[in-house]
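One structure is given here, and the rest of the page talks about it.
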Amino acid sequence: ASTVALIPAAGRGERLGAGLPKAFVDLAGHSMLHRAVRGVQASGVVEHVVLSVPTGLVDQVRTDFPEVTVVAGGAQRGDSVRAALAAAPAADVVLVHDAARCLTPPTLFVSVVEAVLAGAHAVVPGTPVTDTIKSVDPAGVVTGTVDRTSLRAVQTPQGFDFDVLTSAYASADADFTDDAGLVESHGVAVHTIAGDPLAFKITTPWDLRLASWLLADEAR
Ligand code: C5P
């Protein structure tokens, strides 16, 4: 079976405040984008990678990753995934993976692909929520306590039957933040598998420090 991986990397990274698009921020000598692409390739289960990057960086990224398809991303993450999907060669399985989750262990890609090949149409890695979660009103007053045993914080890579993701995007309308959410809204059962703490998303300066510490620890 063949697998293609789409990596949206066209975000502006405003919450990170590094002054350049997030995926291009340096992390211990390599950009997040470089680390994400190499992580996907190291899994050994992906035949082809498609990146969506900010428009002005397409040429540079094509030079840096000659083996990869590079397209311009869009205003929202969903637009960037859509652009990558349109440029992807047909395959059996498609993975969608945030460049910002660049420390994801290669084994997680293997687990997601295996779960799709075992018959799930949509698979996401997720971790149990450890904090107690409260709902609040606009003034910040607690209105309830959510039962966290039924919650999962979901990560990427998210894996799909290629045809399931393609048809979901063909009739996508509302705004959605993850691809599983889109597929869910089309009535497809989304399965969860065990996620990995290292698949965390680098969003804030704190996350970037955490990632640097983890890499420094690894180098020792
Ligand atoms: O903004 P956030 O951290 O949720 O973005 C998740 C991933 O989606 C990042 O890798 C980011 O580069 C990508 N993205 C994108 N196009 C956008 C917004 C985000 O490719 N317009």
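With contacts taken as Cα pairs under 8 Å at a separation of at least 6 residues, segment 45-100 carries a relative contact order of 33 percent. Look at Asp59, Asp92 and count the other Cβ atoms within 10 Å of each Cβ; fewest to most, that gives Asp59, Asp92. Between the beta carbons of Arg209 and Thr132, assuming R0 = 35 Å, the FRET efficiency works out to 0.85 to the nearest 0.05.
Given segment 112-220, what percent of its DSSP beta bridges are antiparallel, to the nearest 5? Could the numbers behind the result be given before it?
Details: 9 of 14 bridges.
In segment 112-220, approximately 65 percent of DSSP beta bridges are antiparallel ones.
Among Thr63, Thr104, Thr166, sorting on how many other beta-carbon atoms sit within 10 Å of each Cβ, with the fewest leading, yields Thr63, Thr166, Thr104. Under the simplified labelling scheme, the Arg15-Arg38 pair shows an inter-label distance of 2.6 nm, with each label point 7 Å from Cα along Cα→Cβ.
In percent, how large is the relative contact order of segment 56-199, given Cα pairs closer than 8 Å and 6 or more residues apart?
30 percent
Specify whether the C-alpha gyration tensor of segment 158-212 places it in the rounded, prolate or oblate class, a ≥ b ≥ c being the square roots of the eigenvalues: rounded for a/c under 1.5, otherwise prolate if a/b is larger than b/c and oblate if not. Since a/c reaches 1.5 and a/b is larger than b/c, the shape of segment 158-212 is classed as prolate. For a label point 7 angstrom out from the Cα of Ala28 toward its Cβ, which stretches of segment 178-220 have the backbone nitrogen within less than 17 Å? Residues passing the 17 Å test: 197-203, 206-220. Comparing Ala36, Ala90, Ala28 in a Gaussian network model of the chain, where Cα atoms under 10 Å apart are tied by springs, the biggest mean-square fluctuation is seen for Ala28. The relative contact order of segment 61-141, computed from alpha carbon pairs under 8 Å that lie at least 6 residues apart in sequence, is 15 percent. For the pair Ala189 and Thr63, label points projected 7 Å from Cα toward Cβ lie 5.0 nm apart.
Taking 7 Å steps out from each Cα toward its Cβ at Asp163 and Ala75 produces label points 3.4 nm apart.
We did not get these values from a lab; they are worked out from the coordinates using the rules stated. None of the values given here were measured: they were computed from a predicted structure. Positions of Cβ are backbone-derived with ideal geometry, glycine not excepted, and every protein chain shown enters the neighbour counts.
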